[in-house]
Every structure is written in C-alpha cells, then in structure tokens.
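Report on one structure; see the data block that follows.
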Amino acid sequence: MDSQELIELTKDLIYHATHFDVPYVKEVYADKFLIVNVDKEGAVETMNKEQLVGFVEGNKHANIAPLSTKTEYHYAVCDGNMGMVVITRELELNGKPSRKFLTVIWEYLSGKWQVVKESSIVRG
C-alpha cells in the first residue's frame, strides 16, 4: 500500500463513518481500537471500539443527518503493515462548527487494513 492508497482508504472510512454505516464501522475498526480526544482546554476523553460502535448505532437509529465529509489531508505514510494519515476535519457537533486535527493509525491485521488508533485535537 502506498500513501495515496492509504488516503483513499481514509476517504472511504470518513464517508462510511459519517453516514453511520454500522457494519462497515464494525469491520474497519480493530478490536483494539482506541481514540484519544483532546478539547480546547486540554481535557482528554477516550473511546474504544465498543463505545464508537454504540455512538454510530445511536446516530443511525436516531436518523441523524450524515456528518460532513470535508477533510484536508496533510500527510500520509505507509511502512509495511502500518500506516498513518494526518488530517483536519470540519464537523458540526452539537450544533456548533468544529475543526479537528486528527491522526489516524492503520494496521494490516487478519488480511485487511484496520484503524487501530486515532488522536483528535480541537483546532481554533
């Protein structure tokens, strides 16, 4: 896998996750998945795969409109069975616009690429 293919994989991830595609989310996120979210004040919240799937399922069942897929890609690198994509996402959360800087870590596990870690930092 090269960097451009990793970006395309990330575009698919963003599309399916923002459209609350539960089966896709269950498949693409590794069982050991962990995301670390840091807000403007520096407070940290984490979410594992089970919590993420619950969030996506809750939004799907509530018929929430899909989230924005607007993304700026800054950097991507793939080295063997690991890859990293650095992006900025434009989101609207709880009725408020939000810009988040994310790092997405991919790993080739059990014959497929899966997201194993993410970090998210709110940008101004």
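Quick look at the numbers
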read-out	value
Among (1) on the phi < 0 side of the Ramachandran plot; (2) buried (at least 16 other Cβ atoms within 10 Å of the Cβ) - the single one F20 does not satisfy	(1)
Cβ pairs under 9 Å, 6+ apart, first in the range 50-63 and more than 9 Å from F20 (Cβ to Cβ), second assigned to a helix (DSSP H, G or I)	L52/A17; L52/V25; V53/V22; V53/V25; V53/K26
Residues (in contact with a Ser or Thr (Cβ under 9 Å, 6 or more places away or on another chain) and of a type in the set (V, I, T)) located in the range 7-41	T10, I14, T18, I35, V36, V38
Residue within the range 102-116 that is more than 20 Å from E27 (Cα to Cα), surrounded by fewer than 16 Cβ atoms within 10 Å (Cβ to Cβ) and among the hydroxyl-bearing types (S, T, Y) present	no
Count of the range 39-63 residues which are open to solvent by 40 Å² or more (accessible area, probe 1.4 Å) and closer than 22 Å to T88 by Cβ	10
Residue in the range 71-81 that is least open to solvent (accessible area, probe 1.4 Å), counting only those that are more than 21 Å from I121 (Cβ to Cβ) and part of a strand (DSSP E or B)	C78
Options A17, A30, A65: the member that is of a type in the set (G, A, S) and within 22 Å of R123 (Cα to Cα)	A17
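The values are calculated or read from the model by the stated rules, or taken from the named source; none is laboratory data. Computed from a predicted model, the values in this text were never measured in an experiment. Positions of Cβ are backbone-derived with ideal geometry, glycine not excepted, and every protein chain shown enters the neighbour counts. The protein model used for the area step is the full one, side chains on, heavy atoms only, and it has no ligands, DNA or RNA in it. Shrake-Rupley method; radii C 1.70, N 1.55, O 1.52, S 1.80 Å.
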